[in-house]
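Visitor: I am attaching a structure below and will ask some questions about it afterwards.
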Amino acid sequence: MGHRYASRRAEGKAVEQNPANQDEYIRQVLDAYRRTPGTMGTVRRPDRLLAAQLHQRGVPLAVVENALILAAARRLIRLADSAPLGTVRSLAYFLPVIDEVLSLHVNPDYFRYLRQKVERAIQTR
């Protein structure tokens, strides 16, 4: 129960950091999802609905973006002989990582570092 409480508290504190307009928030979430390595690059109706729910929950846009990059890094930076992973077909795939990032107390520099690692991993593939 403590984790959920912490997540809700973090969500409520950061509402003002989100775009005030729900449509703009949804657009930015879906653009970030579309650009995330390992996804199909297409958006479906359930993805739009989930983005709206994230806005209603008050999940900061930065948390969603950081969760996408964290999941992408985990998928890309693996042992060379690991079996290939399938394509992510839904924004819902990232929900557990969004909840994880909500509960983290990590310096934003870490996510900048991950973005660079992901960019390098993509270039070397």
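Visitor: What are the residues whose amide H is under 5 Å from the amide H of V88, where those residues sit 5 or more places off or on another chain and H is modelled from the backbone?
Guide: T39, M40
Visitor: Calculate the radius of gyration of the Cα atoms of the stretch 2-123 to one decimal place, then report Dmax, the largest Cα-Cα distance, as a whole number, both in Å.
Guide: Rg, Dmax (Cα atoms, Å): 14.4, 45.
Visitor: Using the basic label-point model (7 angstrom from Cα toward the beta carbon), what is the Y110 to R27 distance in nanometres?
Guide: Roughly 3.2 nm, to one decimal.
Visitor: Counting Lys and Arg as +1 and Asp and Glu as -1, each charge on the Cβ, what is the dipole of the stretch 2-123 about the Cα centre in debye, to the nearest 20?
Guide: With Lys and Arg at +1 and Asp and Glu at -1, about 240 debye.
Visitor: Quote the relative contact order of the stretch 2-123 in percent (integer), defining contacts as alpha-carbon pairs under 8 Å separated by 6+ residues.
Guide: The normalised contact order for the stretch 2-123 reaches 33 percent.
Every number here is computed from the coordinates shown, using simple stated rules; none is lab data. Quantities reported herein were computed from a predicted structural model and do not represent experimental measurements. Backbone-built Cβ (ideal geometry, glycine too); neighbour counts: all protein chains shown.
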